[in-house]
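The values are calculated or read from the model by the stated rules, or taken from the named source; none is laboratory data. Predicted model only: the values in this text are computed from it and were never measured. Don't worry about glycine lacking a Cβ; one is built from the backbone with ideal geometry, like all the others, and counts go over all protein chains shown.
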Amino acid sequence: MTSLPEDPLSLIREDDRDAAVRRLQDAYAEGQLSHEEMDERLGRALTARTHGELVSALASLPAENASTTSTSTIAVAGGRIRRRGAWRVPRFLKVESAFGKVHLDLSRAVFDHAAVDIELQLGTGGAKITVPRDATVDIEDLHTGWKDSLHRTPRGYRPGVPRIRISGTMGFGRLKIRHARR
């Protein structure tokens, strides 16, 4: 979570609230909270107006370890970036490519976190991301310069499926998101 000011009566920002919700979801996914406890704490976090109220929703959670909050980066100046099969998806993944195509297949990937943030920093060349069948995908924070992103939201999401947030900047390429069939 972003650093909280000393004054517990100061009003929170939306990114503070979002970070708290992500922390609660991760704690639930790691087995640190029961379903009922997560629901109660999420309710408090979503209705919190001050930092003091937000801190109380996160009280008694173990501190996040460095491996949970660190960002993994895949970078190449030119050429292709490709990840597929049973690979472990970090909580934060940054993908950088000046020239070339990116293909991330998350359909058989291992998710240790309820939510995953992928930041794309692409110059030219497109990106294709295959996500698990029931995953939710959020691309609202992705800025494209040339072509729009292609993503059709499937029906019938279930609780407990991975949530994938894609952000960043794409210059002259298109992002295609496909949900796996299996």
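The rows are residues; the columns are (1) touching a Leu at 6+ places or on another chain (Cβ under 8 Å); (2) outside any strand (DSSP E or B); (3) outside the structural domain of Ala135 (by TED's automatic domain parsing).
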{"position": "Gly43", "(1), (2), (3)": "no, yes, yes"}
{"position": "Leu46", "(1), (2), (3)": "no, yes, yes"}
{"position": "Leu54", "(1), (2), (3)": "yes, yes, yes"}
{"position": "Glu96", "(1), (2), (3)": "yes, no, no"}
Which pairs have Cβ atoms under 6 Å, sit 6 or more apart or on different chains, and link a residue in the stretch 11-39 that is outside the structural domain of Ala114 (by TED's automatic domain parsing) and in a helix (DSSP H, G or I) to one that is of a type in the set (Phe, Trp, Tyr) and surrounded by 15 or more Cβ atoms within 10 Å (Cβ to Cβ)? Met38/Tyr28
When the residues of the stretch 124-169 are filtered to those that are among the small types (Gly, Ala, Ser) and at pLDDT 90 or above, which remaining residue is farthest from the chain's Cα centre (by Cα)? Ala127
Test result for Gly79, in the same structural domain as Gly173 (by TED's automatic domain parsing), at positive phi and at pLDDT below 90: yes
Take the stretch 17-46 and flag every residue that is loosely packed, with under 14 Cβ neighbours inside 10 Å and of a type in the set (S, T, N, Q). Ser34
